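Heads up: the structure comes next, in structure tokens.
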Amino acid sequence: MDTKKATICVIAAGALWGCISLFVRALNAAGLSAIDISCVRMVVGVACMLLVLLAVDRDALRIRVRDLWLFAGTGIVSVTFFNWCYFTCIELSEVSIAVVLLYTSPVFVMLMSALFFKERITARKLVALACTFAGCVLVAGVVGTGVQIGPLALGMGVASGFFYALYSVFSRVALRRYDPLTITFYTFAMGSVACLLLADPPAIAGTLAANPQVIWLCVGIGIMCTVLPYILYTIGLRGMETGRAAILATVEPLVGAIIGIFVFAESTDLAKLAGMALILAAVLVLNTGQKHRGSADAS
């Protein structure tokens, strides 16, 4: 895969993740908690992936037992712990603070990629990283609000960024042997087991039984905001460096802000618009003057 196609895949993944608020708000209104929604995402995701693989490529379900640690890494250590830390940060502080701390993840990805995959930390990446983080801060509306954050909330928020970053690292290693569909399926399988232990399945079932229309929201968040973006992001990792992919995926808060403004009629100001511009600038910085390289970028 060349760099252009990989870039499109990663940006599309970030955009789909950015649409999650459309489903989360509706599911919250229906009575599901944050961890319950995470559980629904994982369970619907693994069910959809299983049907797809049974229909198109049953061989993709075959893995080596000694490689299970990779999928425990993507599904439990990354996805489950990230959700737990992220939602805890939201409970202890505010959504805007949690979003900004979550997007410390490209920093962790860049550092770990340099350590484990020998990827260069270039001036272009550092400029894009600075634009990304500043943009997230402005889009989240943190500047000038006087919001206070406690040490536990701060720790959980930074931890969410760290665990979020680990998906790129574990999946990069898994790509050396497995197809993106295989990685996505076993990520959801492992994540489902962990989330089922943390969530309240009887309460989820009761909510769905009382309001069957919620089932369609669960299917929507499971496919549109879980299965498709994770597949696209994992495919994108085949054609570009891990650190670059992590920065490109930060179109997520940009899309989330746009949805908030035009769908939920949230307020906007010059700071938020400037933040959107900075995130777009980061994407342009990473793609201007880049040579279209193939899978040789992958470690």
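The values are calculated or read from the model by the stated rules, or taken from the named source; none is laboratory data. Model, not experiment: these values are computed from the prediction. Please note: Cβ atoms are built from the backbone with ideal geometry, for glycine as well, and neighbour counts cover all protein chains shown. What goes into the accessible areas is simple: the full protein's heavy atoms, side chains included, and nothing from ligands, DNA or RNA. Shrake-Rupley method; radii C 1.70, N 1.55, O 1.52, S 1.80 Å.
Brief remarks follow.
- Span-like helix ranges in the chain, DSSP H, alpha carbon extent 30 angstrom or more, Kyte mean at least -0.5: 34-56, 151-174
- Ordering Leu152, Thr226, Thr182 by the projection of their Cα atoms onto the charge dipole of the stretch 140-275, which places +1 on the Cβ of Lys and Arg and -1 on the Cβ of Asp and Glu, puts Thr182 at the extreme positive end.
- Note on Leu280 and Arg124: their simple-model spin labels are 2.1 nm apart, each label 7 Å out from Cα toward Cβ.
- GNM flexibility winner over the chain from Ala209, Ala128, Ala282 (Cα, springs under 10 Å): Ala209
- Counting only cysteine Cβ atoms and a cutoff under 4.7 Å, the chain contains unmatched residues Cys9, Cys19, Cys48, Cys85, Cys89, Cys131, Cys136, Cys218, Cys225.
- Its relative contact order, with pairs defined as Cα atoms under 8 Å and 6+ residues apart, puts the chain at 42 percent.
- Rounded to the nearest 500, the 222 nm mean residue ellipticity of the chain from helices alone is -22500 deg cm²/dmol, with -39,500 (n - 2.57) taken per DSSP H run of at least 4 residues.
- Shape of the stretch 3-145, Cα gyration tensor, a/c cut at 1.5: oblate
- Value of D in µm² per second that Stokes-Einstein yields for the stretch 1-84, Kirkwood Rh from Cα pairs, at 37 °C (0.692 mPa s): 213 µm²/s
- Cα extents of the stretch 159-299 along the three principal axes, largest first (Å): 55, 47, 27
- Ordering of 19-26, 185-192 by burial proxy (mean other Cβ atoms within 10 Å per residue, highest first): 185-192, 19-26
- The Rg/Rh ratio for the chain is 0.95, where Rg is the radius of gyration of the alpha carbons and Rh is the Kirkwood radius.
- Computed label-point distance, nm, for sites Asn287 and Ala26 using a 7 Å Cα→Cβ extension: 2.9 nm
- Average accessible surface for the chain: 44 Å² per residue, computed with a 1.4 Å probe over protein heavy atoms with every protein chain in place.
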